[in-house]
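Data block below; observations after.
The values are calculated or read from the model by the stated rules, or taken from the named source; none is laboratory data. Just so you know, these numbers come straight off a predicted model, no measurement behind them. Reconstructed Cβ throughout: ideal geometry from the backbone, glycine too, with neighbour counts over all protein chains shown. Keep in mind that these areas ignore ligands, DNA and RNA; they rest on the heavy atoms of the full protein, side chains included. Shrake-Rupley method; radii C 1.70, N 1.55, O 1.52, S 1.80 Å.
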Protein chains: 4
Amino acid sequence: MTGVAAGTRSRELVIDLNSDMGEAFGAYRMGPDAELLQLVTSANIACGFHAGDPRTMEATVAGAVAAGVAIGAHVSYPDLVGFGRRQMKISADELVTDVLYQIGALEAFARRHGTSVRYVKAHGALYNDLVDDETLAGALAEAVLTYGSGLSVLTMPAGTSLEVFEKAGVPVVLEAFADRAYTPAGRLVSRKEPGSVITDPAAVAERGRRLALGEPIEARGGEELRVQARSICVHSDTPGSVALAVALRESLTAAGVQVKAFS
Amino acid sequence: MTGVAAGTRSRELVIDLNSDMGEAFGAYRMGPDAELLQLVTSANIACGFHAGDPRTMEATVAGAVAAGVAIGAHVSYPDLVGFGRRQMKISADELVTDVLYQIGALEAFARRHGTSVRYVKAHGALYNDLVDDETLAGALAEAVLTYGSGLSVLTMPAGTSLEVFEKAGVPVVLEAFADRAYTPAGRLVSRKEPGSVITDPAAVAERGRRLALGEPIEARGGEELRVQARSICVHSDTPGSVALAVALRESLTAAGVQVKAFS
Amino acid sequence: MTGVAAGTRSRELVIDLNSDMGEAFGAYRMGPDAELLQLVTSANIACGFHAGDPRTMEATVAGAVAAGVAIGAHVSYPDLVGFGRRQMKISADELVTDVLYQIGALEAFARRHGTSVRYVKAHGALYNDLVDDETLAGALAEAVLTYGSGLSVLTMPAGTSLEVFEKAGVPVVLEAFADRAYTPAGRLVSRKEPGSVITDPAAVAERGRRLALGEPIEARGGEELRVQARSICVHSDTPGSVALAVALRESLTAAGVQVKAFS
Amino acid sequence: MTGVAAGTRSRELVIDLNSDMGEAFGAYRMGPDAELLQLVTSANIACGFHAGDPRTMEATVAGAVAAGVAIGAHVSYPDLVGFGRRQMKISADELVTDVLYQIGALEAFARRHGTSVRYVKAHGALYNDLVDDETLAGALAEAVLTYGSGLSVLTMPAGTSLEVFEKAGVPVVLEAFADRAYTPAGRLVSRKEPGSVITDPAAVAERGRRLALGEPIEARGGEELRVQARSICVHSDTPGSVALAVALRESLTAAGVQVKAFS
């Protein structure tokens, strides 16, 4: 391998793995956080609006720091009983202030452990709503920018929100989903449709490898689709998530891809 | 003015006025915040556990910054329907993490407005419980110290908690109450007893002047009592609170006391 | 006046006045409930989802029973911080069960005072969403019917939900708004538009009289509009609501209209 | 077997098995409800204050009705994040109204399924606090009596609350714990002490048989202790709870004890 090629190639051969973490609440458990913290490089940590409570946040941040995993605020609509999965029509001002509150709360635990919140990722219904809602995207951008700590936004390469983030000067990190079917337009196939979620570890591993290498994946219908991504999302709330993450990680390593946080 | 006398006297002639702020919630209002922000020098801002929501926190911080008022986190037990006025038996770990969460959430709004949280004051039942509970005091100290921003604790000069704070190395700022009756031992007379709350502006003003000058006040029963204080608490949730604050402020100014934040 | 005409007329000369009640929460107050309970005949009582807590519900039910006012469950989306004013996309199953929960909780206080919940009225965003959403209307109908106590639904004479209620066999009571501007199609003019809310007591009183007598009112643009109504809603959360209710009640009495609960 | 003996004996040979149910919340699961509903005869159903949400309550009531299991309201302090396990100092009025709210909410689902709430059992910290707190016991009695449906209270045979219930005329059903160590005074050994919880199915089964037959069990220290009980509590939130319940049920059947709801 020559120097130049290696250099170019090494830039492409880095990927982050992010996963939702800290979604326990009080006496309730959710997700195999301890196992996943050994496999991923970025932890999207719930901040109390859809899941998470101060004890869970503290334990999750402590675990992430111990495992060398970067910390992001997994911000949500205020809907604990709905786990943040239900659309709510909130105003831009409500989103700005709800996001600031959540980032700040998580930052307290990060500070305690000598680190800081590095990025923001929207959760559930808010994640989906943001993609094509410029008002919400503008509000998220405002929260992130006025918080003032160089936070980036982790989101998918689709929708009108990307331009909003770009214009506002918010650093964006793109992510892809190795275990979800895509439409030819680069959108996720709704979970309600059959085949929308891929559960075979080998298939997920292969798809993740392609995403990391910048190779096209197969969209629904058979078309080739290129999804630009600096991070791959590893779901934590599905059975078998650890096995998927293990398979994905092995596949990436075998392909010479370095798994490393983006932040 | 000679050096020593001036030095001694100028130290005594400075007092802070603190008041509970931002206790609105959603559609609900509480307290004449706008008026009080023109009169006090430190704002104890609710963080969502007994009162306050992200919009209220944002507006209160913005108002405090505009008025040059210092910002403190008014931390509480998690009891919105009880307004934080009911005792809860929570563990030290629960208090540490609940306090970190609240400080962090408020800090986000402070950051947005170019300032930072300067101190922590416990609210309601937690305030009372802390005075003589060394476990809770230790937990508050741990939260404040591990947050790591030079925060001080605003509390009254009574109980075993003071020694806990001192040993832990937490800066303590003492406060007195110009509108409350004291026992000869320096405790507040329970609100359930007649005469426990002083509502006459002239009486409050005179009491505040004495507290600021380090002169003794009259405890219940007639005994003289000296209450050491760098700050005087101005209640916001009682009718006539603005008139009391105005009278107190005028009395302090007339006595040559400078009203100035401690932080 | 002939016998038949008198009979017909006396049926028309009865109107109910309904008002939102019990919207306090914990330490927070909302609305002049005590005064309004002397003026209205049906109380839409908050059940804890947008406002209200068990103490408030108990006190409001006790007050309504003492004043001879009928009790209805004012059911809402679960959004305390948003006061139920924000749209949420909840499923039919979620609405059925949320409504059952709220009716049942209120019924406990009604039972304690020897009465029962007589009707259901949706609050805020849910009220608006229901008018044209057949799925939500079907869910409300299912909740009301399976609760099994002869409950009626109080709503406005507009939208596709009326047919859903009718087909399901849910008794519907129609209401009008004496203090709101109407479009020629019988919809309320959005609160965001100027002139949408009428605050002049004389105008509200005259409009209420017309509504009670079945006479047309003037819609926005000047057209005549007939609004069928067995009840008139008296807002409780606006300044001057008591004065409006007094003026409305006097106008109705002067016109020979009997103010009487529909249930 | 003579008539009298048979009569006496048959009264003793009936026992109820009760278990905490419906402690899921939103996306969170808790306890093997489906399995336990096939084994117990009374379901203590969470009402939203420590656990439970309207969907969970609906599903749990539906399951209980399908399995022929009696329904009780498992009432709690309002502390979702603490799962109702933390003491709160609430007033008598607060307990009365909180309990009424919870019973009523559950009753709505019971009505929907053609049954009704039969009894009330306090949960967690409230259960423990009630045993020796006559004010709380009086408040619970008031809630139950003013609800007015012949509800009984399920509690343990200890403390001063029993007399309060008796004087107030509240039917009390006594319960014992087959998987918990008892002090010689008939109190439960704190969970913090080693050996406080019995996890061996055979031991639990034998202990349950003795309790059902009115035979003494061994208290901590070896003394014999008689615990009067019409119901045995089967914990649902511990690993192996289904195996324990199966062993207990088999042991009771083998001993000729009929497992039957008390209500």
(message) Using only the Cα atoms of the protein assembly as shown, what semi-axes does the equivalent ellipsoid have when each is the square root of 5 times a gyration tensor eigenvalue? Give whole Å, largest first.
(response) 42, 41, 39
(request) Return the single residue from B:151, B:37, B:100 with maximal mean-square fluctuation; model: Gaussian network over chain B, springs between Cα atoms under 10 Å. (result) B:100
(request) Check each residue of the range C:97-120 and keep those whose accessible area, probe 1.4 Å, is at least 40 Å² smaller with all protein chains in place than in the chain alone; give them in order of residue number. (result) C:97, C:100, C:101, C:108, C:109, C:111, C:112
(message) Please give the Cα centre distance for the range C:149-170 versus the range D:150-178, rounded to the nearest Å.
(response) 44
(message) For residue C:38, place a label point 7 Å from Cα along the Cα-to-Cβ direction in every copy; what are the distances to the other copies, in nm, shortest first?
(response) 3.5, 6.4, 7.3
(request) Any chance you could get the radius of gyration and Dmax over the Cα atoms of the range B:167-257, in Å? (result) 13.2, 40
(request) Give the cross-link partners of residue C:167 among the lysines, using a straight C-alpha distance below 21 Å as the criterion and excluding same-chain residues fewer than 8 apart. (result) C:121
(message) Please list, ordered by chain and number, the residues whose modelled amide H lies under 5 Å from the amide H of residue B:74; skip anything fewer than 5 residues away on the same chain.
(response) B:45, B:46, B:47, B:121
(message) Of all beta bridges DSSP finds with both residues in the range A:2-259, what is the antiparallel percent, to the nearest 5?
(response) 15
(message) For a Förster distance of 41 Å, can you work out the FRET efficiency between the beta-carbons of residue B:254 and residue B:191, rounded to the nearest 0.05?
(response) 0.90
(request) Label the range D:206-263 by shape, choosing from rounded, prolate and oblate, from the square roots a ≥ b ≥ c of the eigenvalues of the Cα gyration tensor; if a/c is under 1.5 it is rounded, and otherwise prolate applies when a/b is larger than b/c, oblate when it is not. (result) oblate
(message) Quick check: Cα centre of the range C:37-98 to Cα centre of the range A:84-109, how many Å?
(response) 27
(request) With a probe of 1.4 Å, find how much accessible area the range A:2-259 has per residue, and write the answer as a whole number in Å². (result) 36
(request) State the antiparallel share, in %, of DSSP beta bridges confined to the protein assembly as shown, rounding to the nearest 5. (result) 15
(message) Through the Karplus equation 6.51 cos²θ - 1.76 cosθ + 1.60, θ set to phi - 60°, convert the phi angles of the range D:256-263 into ³J(HN,Hα) values in whole Hz; use x for Gly and Pro.
(response) x, 8, 8, 8, 7, 4, 7, 9
(request) Let me know the Kirkwood hydrodynamic radius for chain B, please, with Cα pairs as the basis and the value in Å to one decimal. (result) 18.5
(request) Summarise the accessible area of the range C:2-259 (1.4 Å probe, protein heavy atoms) by the percent that is carbon and sulfur. (result) 52
(message) Which of the three applies to the range A:165-217, rounded, prolate or oblate, going by the alpha-carbon gyration tensor with a ≥ b ≥ c and a/c under 1.5 meaning rounded?
(response) oblate
(message) Counting other C-beta atoms within 10 Å, and keeping those with at most 16, which DSSP coil trypsin sites (Lys or Arg not before Pro) do you find in the range D:55-155?
(response) D:89
(request) With a length cut of 24 Å (Cα positions projected on each helix's long axis) and a Kyte-Doolittle mean of at least -1.0, go through chain A and give me the DSSP H helices that pass. (result) A:92-112
(request) May I ask you to report, in nm to one decimal and beginning with the shortest, the distances from residue B:116 to the same position in the other copies, taking label points 7 Å along Cα-to-Cβ? (result) 1.0, 6.3, 6.3
(request) Round to a whole angstrom and tell me the spacing of the C-alpha centers of the range C:203-248 and the range B:194-249. (result) 51
(message) Which aspartates and glutamates, if any, have their Cα less than 15 Å from the Cα of residue D:260, not counting same-chain residues under 8 positions apart?
(response) D:12, D:16, D:175, D:250
(request) Under 15 Å Cα to Cα from residue C:89, which aspartates and glutamates show up? Leave out anything in the same chain fewer than 8 places away. (result) A:79, A:129, C:79, C:98, C:129, C:132, C:133, C:134
(message) Considering the Cα positions of the range B:65-209, please state its Rg to one decimal place and its Dmax as a whole number of Å.
(response) 16.0, 45
(request) Determine the shielding of peptide A:53-64 by partner chains: average, over its residues, the number of Cβ atoms on other chains within 10 angstrom of each Cβ. (result) 4
(message) Closest beta-carbon to the B-to-D rotation axis: which chain B residue owns it, and what is the separation in whole Å?
(response) B:88, 3
(message) How many Å² of accessible surface get buried when C and D come together, counting both sides, probe radius 1.4 Å, rounded to the nearest 100?
(response) 2100
(request) Compute the label-point distances linking residue B:215 to its equivalents in the other copies; points lie 7 Å from Cα along Cα→Cβ; give nm, one decimal, shortest first. (result) 7.1, 8.2, 8.7
(message) If the elastic network links every pair of Cα atoms under 10 Å, which of B:117, B:81, B:227 fluctuates the most in the Gaussian network model of chain B?
(response) B:81
